[in-house]
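What follows draws every value from the coordinates through simple rules; no lab data is involved. The model shown is predicted, which means the values in this text are computed figures rather than measured ones. No Cβ is skipped: glycine too gets one built from the backbone with ideal geometry, and neighbour counts run over all protein chains shown.
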Amino acid sequence: MLSKNGAKYFFLIGTGFFFAIFLGLTYDSLKQVPKQTHEENLTPQVVRGKNLFDKSNCMGCHTILGEGAYYAPELTKVYETKGADWIKNMLTDPEAVYPGARKMRKYKFTEGEKDDLVAFLKWISEIETNGYPAKPVNQ
Ligand code: HEC
């Protein structure tokens with residue numbers, strides 16, 4: 001049985017040791033972020049697209065990197081699967097791309113704004129997400 005003092009040191013040393021491990025792993029994770037996100041590709045156009053994405057409340061319906069609402073599809077890899085032109089069509093007239101389907105708002109973006117949004121979605125699709133989102137089984 002530990003004495004009162006022994007228990008105190010056991011607690012302090014144990015807590016200190018695991019807190020140090022926690023800090024080390026946090027530092028290591030943060031160090032990986034620029035590489036995994038390809039920070040060097042964060043152009044002003046991508047930043048404009050991100051601001052527009054936020055301002056237009058796309059996450060009110062969509063998820064991106066798993067965050068957002070579950071009304072509409074995940075957009076993390078949409079650039080990879082659908083491509084720039086297809087996305088621009090979707091941003092121009094969703095009803096024409098998915099007739100009679102659940103409604104996506106029809107925005108009045110300029111061509112430049114659509115390019116900014118596509119640049120943002122391209123940058124997002126290139127983030128190394130360790131396999132997220134998982135591919136559907138049986139496809
Ligand atoms: C009111 C809800 C709503 C908002 C806000 C919204 N969307 Fe959508 N979006 C949808 C729905 C619903 C679909 C799927 C249509 C379907 O499958 O029937 C969709 C589909 C898409 C797709 C095609 C995804 C795929 O895999 O087929 C893209 C790209 C997209 N939206 C981009 C955006 C962007 C960018 C914004 C913000 C500028 C936005 N959406 C805002 C509802 C919304």
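Miscellaneous remarks
- For the chain, the longest principal axis of the alpha carbon atoms and the long axis of helix 111-125 meet at an angle near 40°.
- Taking the C-alpha atoms only, the angle from helix 44-55 to the longest principal axis of the chain is near 90 degrees.
- Taking amide hydrogens as placed 1.01 Å from N in the peptide plane, the amide H of Leu65 sits under 5 Å from those of Leu75, Thr76, each at least 5 positions away in sequence or on another chain.
- Across the chain, Cα pairs under 8 Å and at least six residues apart give a relative contact order of 27 percent.
- Per-residue packing, averaged as other Cβ atoms within 10 Å, sorts the ranges 115-121, 42-48 into the order 115-121, 42-48, beginning with the highest.
- Protection proxy ranking of 22-28, 52-58, by the mean of other Cβ atoms within 10 Å over each peptide's residues and highest first, is 52-58, 22-28.
- Placing dummy labels 7 Å off each Cα toward the beta-carbon, the span from Ala20 to Asn51 is 4.5 nm.
- GluC sites (Glu not before Pro) lying in DSSP loop within the range 44-139, provided at most 11 other Cβ fall within 10 Å: Glu128
- Of Lys50/Lys103; Lys55/Lys88; Lys35/Lys108; Lys55/Lys135; Lys108/Lys135; Lys8/Lys31, those spanning more than 24 Å from alpha-carbon to alpha-carbon: Lys35/Lys108; Lys55/Lys135; Lys108/Lys135; Lys8/Lys31
- In this Cβ point-charge picture (+1 for Lys and Arg, -1 for Asp and Glu), the range 40-129 has a dipole of about 420 debye about its Cα centre.
- Nearest 10 degrees, 0 to 90: helix 4-37 Cα axis against the chain principal axis: 30
- Computed from the C-beta positions of Glu39 and Tyr70 and an R0 of 41 Å, the FRET efficiency is 0.90 to the nearest 0.05.
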